[in-house]
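Before any comments, here is the structure.
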Amino acid sequence: MRGPMSVELALEELLDSRVADVFTKDELREKLARSERERRPLRVKLGVDPTAPDIHLGHAVVLRKMRAFQDLGHTGVLIIGDYTAMVGDPSGKNKTRPQLSYDEIEQNAATYKEQVFKILDPERTEIVLNGEWFRKLAFADVLRLASRFTVARLLERDDFEKRLAKQQPISLHEVMYPVMQAYDSVMVRADVELGATEQTFNILMGRQLQEQMGQERQIGLLVPILTGICGTVRMSKSIGNYIGIAESPQEMFGKTMSIPDRLLAEYLRLATDYRPDEVERLERALADGSANPRDVKFQMAKRIVAMYHGEESSELAASDFERVFKRKEAPREMPVIGLSSKDLKEGKIWIAKLLRLANAASSNSNALGLVRQGAVSIDGAPVDAGRPDVAVKSGMTLKVGKRRFFRIEITNDTSD
């Protein structure tokens, strides 16, 4: 563990403006004091369900809180919910979530493991999959576990109450989700569980089950939910209003610059590593008009990119943004679309094929939809939806939307 530190100073570091609630502060103070006396790191749990392949800035809020515990010498226990993901967390949902296949979950989990150490300290992180214990349970074990909870208690959760009031269906497997999350806490002997505010019910269930099974109750520490770049609902991969921590520096910078000005204070507080006093200073400057929102956002975008890609990449992304949006030029560095002469017919290629080769469209219909919206151009000339076969040459620039640029390179393939 890190050298001696007063419990009150540790509490001050952990319970900053990025914390929405804690239950309870007194219990956390006691656990920190005992940890210091016994030189035993706290076990700080965070469960993530790999329902989408990428980690975004919304996930990063709670991951960075886990890193704060690690910086104080404690152990982060990251549970990748390969089994709970097959259920789908009903928190905040007004309908049953589609269930993923195990292959999809495994692929997403592998991506999570690659990305998470952009934030967490690998030396102080345990990564476990909850399938390690759930796949060992017999049906009789599941029934005994379920017997520790009442239906009335499970239906108290806000999402279920709302759905019942609207006569919307609740599947039985959804009711099991908080039971499964609570059992995770027992299996890793969590001292603290982290989560967004929507996780309140699930974390409280963990406290209840730990106590019933002879363990000390975990602390619940909740962080706010980050609004997506659309400015209306939470950041979500499925909605498309997200900033992924593994996205290119240019994409990350451009998306950050696109957020509404009214979200500046929220992003300064939750998405950056600015100290609380720095955030307060910038908020005051925005409120009294002494700071231009565009300038603050520009510096914030540089800060966010630097957090995940480093200072050099941040400076290049800022420079490219200025080139593209101020001087209407292409960025210096672009992903290359490598084409063979065999991909072309009389020097032309179907635009949908070109967009899919660039990974700029998920399907042919999606690609053609982008063309119809006027979102696709080559060397500055919009692609005509009525003429989807486009002439291309090496060195041409493909632009998709406002921020995505690609350089076309063609090789003369003479092999049979």
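Please give the number of the condition residue 27 fails out of (1) modelled with pLDDT under 95; (2) surrounded by fewer than 20 Cβ atoms within 10 Å (Cβ to Cβ); (3) farther than 22 Å from residue 126 by Cβ.
In the conditions (1) modelled with pLDDT under 95; (2) surrounded by fewer than 20 Cβ atoms within 10 Å (Cβ to Cβ); (3) farther than 22 Å from residue 126 by Cβ, residue 27 misses (1) alone.
Say we look at region 32-53 and pick out the residues that are of a type in the set (Lys, Arg) and not in a loop (DSSP other than H, G, I, E, B); which of these is farthest from residue 220 (Cα to Cα)?
Selected residue: 37.
Yes/no matrix, rows are residues, columns are (1) under 30 Å from residue 111 (Cα atoms); (2) among the aromatic types (Phe, Trp, Tyr):
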site	(1), (2)
130	yes, no
137	yes, no
145	no, no
149	no, yes
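In this structure, does residue 239 turn out to be touching a residue at least 24 places away in the same chain (Cβ under 8 Å) and either at negative phi or not basic (Lys, Arg) (or both)?
Answer is no for this residue.
Please identify the pairs in which a residue from region 320-341 that is in contact (Cβ under 8 Å) with a residue 12 or more places away in the chain has its Cβ atom under 6 Å from the Cβ atom of a residue that is part of a strand (DSSP E or B) and aliphatic (A, V, I, L, M), counting only partners at least 6 apart or on another chain.
Filtered contacts from region 320-341: 337/408; 339/410.
Can you name the residue in region 168-178 that is surrounded by fewer than 20 Cβ atoms within 10 Å (Cβ to Cβ) and touching a residue at least 12 places away in the same chain (Cβ under 8 Å) and is also farthest from residue 149 (Cα to Cα) among such residues?
Applying the filter and picking the extreme gives 168.
Just for region 208-239: of the residues that are polar (S, T, N, Q) and over 30 Å from residue 325 (Cα atoms), which one is surrounded by the most Cβ atoms within 10 Å (Cβ to Cβ)?
Selected residue: 218.
Which residues, counting only those in region 188-207, are under 24 Å from residue 132 (Cβ atoms) and either among the small types (Gly, Ala, Ser) or surrounded by fewer than 18 Cβ atoms within 10 Å (Cβ to Cβ) (or both)?
Across region 188-207, the qualifying residues are 189, 190, 195, 206.
If you scan region 250-263, which residues turn out to be in contact with a helix residue (DSSP H, G or I) (Cβ under 8 Å, 6 or more places away or on another chain) and closer than 11 Å to residue 227 by Cα?
Selection gives 259 alone.
Could you check how many residues of region 78-115 are part of a loop (DSSP other than H, G, I, E, B), at negative phi and either at pLDDT below 75 or more than 16 Å from the chain's Cα centre (by Cα) (or both)?
Matching residues across region 78-115 total 14.
Scan region 168-178 and tell me whether some residue there is under 20 Å from residue 219 (Cα atoms) and in contact with a helix residue (DSSP H, G or I) (Cβ under 8 Å, 6 or more places away or on another chain).
Within region 168-178, one or more residues are under 20 Å from residue 219 (Cα atoms) and in contact with a helix residue (DSSP H, G or I) (Cβ under 8 Å, 6 or more places away or on another chain).
Failed condition for residue 69, given (1) modelled with pLDDT of 95 or more; (2) surrounded by fewer than 24 Cβ atoms within 10 Å (Cβ to Cβ), with all others met?
(2)
The values are calculated or read from the model by the stated rules, or taken from the named source; none is laboratory data. Since this is a predicted model, take the numbers as computed values, not measurements. All Cβ positions, even for glycine, are placed from backbone atoms using ideal geometry, and neighbour counts span all protein chains on display.
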